[in-house]
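Notes follow the structure.
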Amino acid sequence: MTTEQTGGCLCGAVRYKITAEPFMQAVCHCKNCQRQAGSGWSMILGLPEDGVEITGSVQTYVDHGTSGGEVHRQFCSTCGSPVFTRVPAQAGWIFVKAGSLDDTSSFNPQIQFWTASKQHWIEIPDVPGVPGNPG
């Protein structure tokens, strides 16, 4: 993936520019990501927090992972589009919803999480998966 990617929510009230290389490109199949995305999965880019410049304001829903730890799901307060996820236990990281990129052609997932709860009709060939959180 190249740096200087841009993206945002459906209505354009939240915009961002990625200025760093992602350390992770992944697909998450956990039930909470499925519900939050309204889809079979969530496509995410893991980035250093200082590698994403954000304009506009987001609302935060405090979710909880299977460990009980907080997961902050951030979305546009106008259109409701999910845009970011932050996990307090992973300070300094931000997870950008790759479907919100202006150009998704460079998204290339390296791993799938929570394959134990993936939809039976989903197959992503050549992308290794783990049944839960990565180790």
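The values are calculated or read from the model by the stated rules, or taken from the named source; none is laboratory data. Not measured: the values here are computed from a predicted model. Don't worry about glycine lacking a Cβ; one is built from the backbone with ideal geometry, like all the others, and counts go over all protein chains shown.
Which residues, taken from segment 103-130, are of a type outside the set (S, T, N, Q), surrounded by fewer than 17 Cβ atoms within 10 Å (Cβ to Cβ) and under 14 Å from the mean Cα position of the chain (by Cα)? The answer is Ile111, and nothing else. Residues in segment 77-85: is at least one closer than 25 Å to Gln119 by Cβ, of a type in the set (Val, Ile, Thr), buried (at least 16 other Cβ atoms within 10 Å of the Cβ) and touching a helix residue (DSSP H, G or I) at 6+ places or on another chain (Cβ under 7 Å)? Yes.
When Gly51, Gly56 are screened for being over 24 Å from Val130 (Cβ atoms), modelled with pLDDT of 95 or more and in contact with a Cys (Cβ under 8 Å, 6 or more places away or on another chain), only Gly56 passes. Considering only segment 47-55, I want to know if a residue exists there that is in contact (Cβ under 8 Å) with a residue 24 or more places away in the chain, touching a helix residue (DSSP H, G or I) at 6+ places or on another chain (Cβ under 9 Å) and in a strand (DSSP E or B). No, segment 47-55 has no match at all.
Of all residues in segment 27-40, those satisfying the criterion of being under 10 Å from the mean Cα position of the chain (by Cα), more than 19 Å from Gln5 (Cβ to Cβ) and crowded, with 21+ Cβ neighbours inside 10 Å are Cys28, Cys33. Taken together, the residues in segment 105-123 that are out of contact with any Ser or Thr (no Cβ under 8 Å at 6 or more places or on another chain), in contact (Cβ under 8 Å) with a residue 12 or more places away in the chain and closer than 27 Å to Glu53 by Cβ amount to 6. No other residue among Ser77, Ser100 is more than 13 Å from the chain's Cα centre (by Cα) and either small (Gly, Ala, Ser) or over 19 Å from Cys9 (Cβ atoms) (or both) apart from Ser77.
Considering the conditions (1) over 20 Å from Pro131 (Cα atoms); (2) touching a strand residue (DSSP E or B) at 6+ places or on another chain (Cβ under 8 Å); (3) small (Gly, Ala, Ser), Gly46 is excluded by exactly one of them, (1). Just to be sure, is Gly99 in contact (Cβ under 8 Å) with a residue 60 or more places away in the chain, surrounded by 12 or more Cβ atoms within 10 Å (Cβ to Cβ), of a type in the set (Gly, Ala, Ser) and under 16 Å from Val52 (Cα atoms)? When the stated conditions are applied, Gly99 passes them.
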